[in-house]
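Peer 1: There's a structure below that I have some questions on.
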Amino acid sequence: MYNKPVLLVIAHGSRDPRHAATVHALVRRVRSLRPDVRVETGFLDFNIPSVHGVLESLAAEGVRDVVVLPLLLTRAFHAKADIPAVLRDAPRRLRIRQAEVLGPSPLLLSALERRLHEAGLSPADKSSTGVVLASAGSSDPEAIAVIAAIAREWRHTGWCAVRPAFASASLPRTEDAVRELRALGCKQVAVAPYVLAPGFLPDRIARGAQGADVLASVLGPAPEVAALVLRRFHAAASDISLPRIA
């Protein structure tokens, strides 16, 4: 019997093979940071293994405690509805706690800046550069408000300006935010995708960034993201007051 809590990272899944490859790269980095923590991966859709399949396997092995971590940047529909629905069908012998989603977090801002620097920006460019914080988008008002708040917070770290943008469900689009920053007089414009892995919507962000000077890559297996996964895991595993999903 495995007596320690198992970390189950839950990703959305995608028909785009780059998505699963990036999720697995992130999980490998998490494992490298904490080899003593067992980390498994499950997908809600399109990819295998499925979340339900992983939970069934863990129960069959005799695992008792599982911390599930939604690989999501905001608390939108997947975190509020899809994942709890899957967990309600988990084997009854498992004691499951759902950790918080990854965002918002200062670590994610650090990861965004890392990706911008990797794309060619230097710290000296900051005050003259406008940044588009490009999210996948959501119909959930809470998620949209969180992205707007992150943009405001990030602006105060020294950028010329920061504007949120969305690839779906909400406005403005990335290309509109790029034009707005140009009109504000920013010397250059950079697009920072606030997404974890490649796929359909990140590709739409990239197309909208064609008028920008710099396009950063997705967050992917950035060290800050891996550290944040572990932070969320430990918070859930150590807090016995968290509600359990039986």
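Peer 1: Quickly run through segment 1-44 and pick out the residues that are surrounded by fewer than 17 Cβ atoms within 10 Å (Cβ to Cβ), closer than 21 Å to Val195 by Cα and among the aliphatic types (A, V, I, L, M).
Peer 2: Within segment 1-44, Ala21, Ala25 meet the criteria.
Peer 1: Only one of (1) in a helix (DSSP H, G or I); (2) at pLDDT 95 or above; (3) within 30 Å of Leu44 (Cα to Cα) fails for Gly103. Which number is that?
Peer 2: Tallying (1) in a helix (DSSP H, G or I); (2) at pLDDT 95 or above; (3) within 30 Å of Leu44 (Cα to Cα), Gly103 fails exactly one: (1).
Peer 1: Restricting to segment 45-55, count the residues that are in contact (Cβ under 8 Å) with a residue 12 or more places away in the chain and open to solvent by 50 Å² or more (accessible area, probe 1.4 Å).
Peer 2: Residues in segment 45-55 being in contact (Cβ under 8 Å) with a residue 12 or more places away in the chain and open to solvent by 50 Å² or more (accessible area, probe 1.4 Å): 3 in total.
Peer 1: Looking at segment 81-100, which of its residues are surrounded by fewer than 16 Cβ atoms within 10 Å (Cβ to Cβ), under 17 Å from Ala236 (Cβ atoms) and at pLDDT below 95?
Peer 2: The initial filter retains those residues of segment 81-100 that are surrounded by fewer than 16 Cβ atoms within 10 Å (Cβ to Cβ), namely 81, 84-85, 88-89, 91-93, 95.
Filter once more, so that each one left must be under 17 Å from Ala236 (Cβ atoms): 84, 95.
Across segment 81-100, the qualifying residue is only Pro84.
Peer 1: Right, another one. Give the residue that is nearest to Val178 (Cα to Cα), with candidates limited to residues of segment 204-223 that are assigned to a loop (DSSP other than H, G, I, E, B) and not polar (S, T, N, Q).
Peer 2: Ala212
Peer 1: Spot the failing condition for Arg163; the list is (1) assigned to a strand (DSSP E or B); (2) open to solvent by 60 Å² or more (accessible area, probe 1.4 Å); (3) within 29 Å of Pro5 (Cβ to Cβ); (4) of a type in the set (Lys, Arg), and only one is missed.
Peer 2: (3)
Peer 1: Can you name the number of the only condition in (1) modelled with pLDDT of 95 or more; (2) among the β-branched types (Val, Ile, Thr); (3) closer than 30 Å to Ala151 by Cα that Thr74 fails?
Peer 2: (1)
The values are calculated or read from the model by the stated rules, or taken from the named source; none is laboratory data. Because the structure is predicted, anything quoted here is derived from the model rather than measured. Virtual Cβ from ideal backbone geometry, glycine too; neighbours counted across all protein chains shown. These area figures cover heavy atoms from the full protein model, side chains too; ligands, DNA and RNA do not enter into them. Shrake-Rupley method; radii C 1.70, N 1.55, O 1.52, S 1.80 Å.
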